[in-house]
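Before I ask anything, here is the structure I am working with.
The values are calculated or read from the model by the stated rules, or taken from the named source; none is laboratory data. Being a predicted model, the structure only gives us computed values, none of them experimental. Cβ placement follows ideal geometry from the backbone for every residue including glycine, while neighbour counts extend to all protein chains displayed. Calculation scope for accessible area: heavy atoms of the full protein, side chains included, ligands and nucleic acids excluded. Shrake-Rupley method; radii C 1.70, N 1.55, O 1.52, S 1.80 Å.
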Amino acid sequence: MLFRSVWQSLARELPRPRALLMVSAHWETRLPMLTGQAKPETIHDFYGFPRPLYQVQYPAPGAPQVAERALGLLKAAGFTAAIDGCRGLDHGAWSPLVHMYPAADVPTLQLSVQTELGPRHHLQLGAALAPLAAEGVLVFGSGHMTHNLRDRSDGAPLPYAVEFQGWANDRIAAGDTESLADYRSITRSGARAHPTDEHFLPLFVALGAAGPGYRATRLWDGIEMGALAMDAYRFDRA
């Protein structure tokens, strides 16, 4: 699978992180939450997939100290946030990591998304967490460029998905996070590409953490099942 090779190549190219902060579309809360579990379980939060996926275990250690540091940064930026000491790693977190760090030996924690608070809130979350990058923590947003499950098919990529994918790539390349944040109102295809925001929001945390003047490298631009754009980007700080 070519997409697997993207994650494997990225892990080889990046400096080995001290810890991973995963922002997954599959953990939604009203307020920002961080996982503080020292030994997070592998959560199989999906249904109807091949049996081998339910047998995957990713026993990476947690990162309680990084969670405390991240919590401090969020509170200093004015966010009300907390640590969940029980939650494990959902498939939005472990599905790329099983290919990037198959030994499961990089301490990993998650940050939740707040779907009702929108893209700008998540840009601000990322900006608050930006100091972690200088401390060896890799901030990783795990979502989709387009995510309309009702439109899945075995056919060619749907025109609206291709249109939105191209528009978003142009805005990312231009550093135009303001337009990206207004995607639902200023594009023809945004509302169909994302009936709800949660799968687009991890991107904004990553962009916020990268900061103004970031350098974007597009690693992958495939569309699966007609409507699921699987774009992957690397953002380097200026």
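Within the stretch 187-205, count every residue that is open to solvent by 10 Å² or more (accessible area, probe 1.4 Å) and assigned to a loop (DSSP other than H, G, I, E, B). Write out each step before concluding.
Residues of the stretch 187-205 open to solvent by 10 Å² or more (accessible area, probe 1.4 Å): 187-188, 191-192, 195-199, 203.
Adding the requirement that they be assigned to a loop (DSSP other than H, G, I, E, B) leaves 187-188, 195-199.
Residues meeting the conditions: 7.
Which of the residues belonging to the stretch 163-176 are surrounded by fewer than 18 Cβ atoms within 10 Å (Cβ to Cβ) and among the hydrophobic types (A, V, I, L, M, F, W, C)?
Passing the criteria: Ala173, Ala174.
Table: residues versus (1) modelled with pLDDT under 90; (2) of a type in the set (Phe, Trp, Tyr); (3) within 30 Å of Ala216 (Cα to Cα); (4) assigned to a loop (DSSP other than H, G, I, E, B).
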position: Gln8; (1), (2), (3), (4): no, no, yes, no
position: Phe49; (1), (2), (3), (4): yes, yes, no, yes
position: Gln57; (1), (2), (3), (4): no, no, no, yes
position: Gly62; (1), (2), (3), (4): no, no, yes, yes
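Within the stretch 105-129, which residues are of a type in the set (Gly, Ala, Ser) and crowded, with 17+ Cβ neighbours inside 10 Å? Break it down into steps so the answer makes sense when it comes.
So in the stretch 105-129, the residues of a type in the set (Gly, Ala, Ser) come out as 112, 118, 126-128.
Residues satisfying the conditions are Ser112, Gly126, Ala127, Ala128.
Only one of (1) closer than 17 Å to Pro32 by Cβ; (2) open to solvent by less than 40 Å² (accessible area, probe 1.4 Å); (3) among the aliphatic types (A, V, I, L, M) fails for Ile83. Which number is that?
(2)
Same structure, new question: I'm trying to understand the selection: among the residues of the stretch 175-228, which are of a type in the set (Phe, Trp, Tyr) and free of Cβ contacts under 8 Å to residues at least 40 places away in the same chain? Before the answer, list the steps.
First, pick out the residues of the stretch 175-228 that are of a type in the set (Phe, Trp, Tyr): 183, 200, 204, 214, 220.
Once the filter is applied, which keeps residues that are of a type in the set (Phe, Trp, Tyr) and free of Cβ contacts under 8 Å to residues at least 40 places away in the same chain, the stretch 175-228 yields only Tyr214.
Do any residues in the stretch 139-167 that are of a type in the set (A, V, I, L, M) have Cβ atoms under 6 Å from those of residues that are in a strand (DSSP E or B), where the two are at least six apart or on different chains, and which pairs are they?
Short answer, once both residue conditions are applied: Val139/Leu21; Met145/Ala229; Ala161/Ile223; Ala161/Ala229.
Another question about this same structure. Among the aliphatic types (A, V, I, L, M) and in a helix (DSSP H, G or I): is that true of Ala103 in this structure?
Working: among the aliphatic types (A, V, I, L, M): yes; in a helix (DSSP H, G or I): no.
Here the answer is no, as Ala103 does not meet what is asked.
While we're here: Would you pick out the residues in the stretch 206-232 that are β-branched (Val, Ile, Thr) and either closer than 20 Å to Gly155 by Cβ or in a loop (DSSP other than H, G, I, E, B) (or both)?
Ile223
When you go through (1) part of a loop (DSSP other than H, G, I, E, B); (2) more than 27 Å from Pro212 (Cα to Cα); (3) in contact with a helix residue (DSSP H, G or I) (Cβ under 6 Å, 6 or more places away or on another chain) one by one for Pro157, which number turns out not to apply?
Here Pro157 meets the rest and fails (3).
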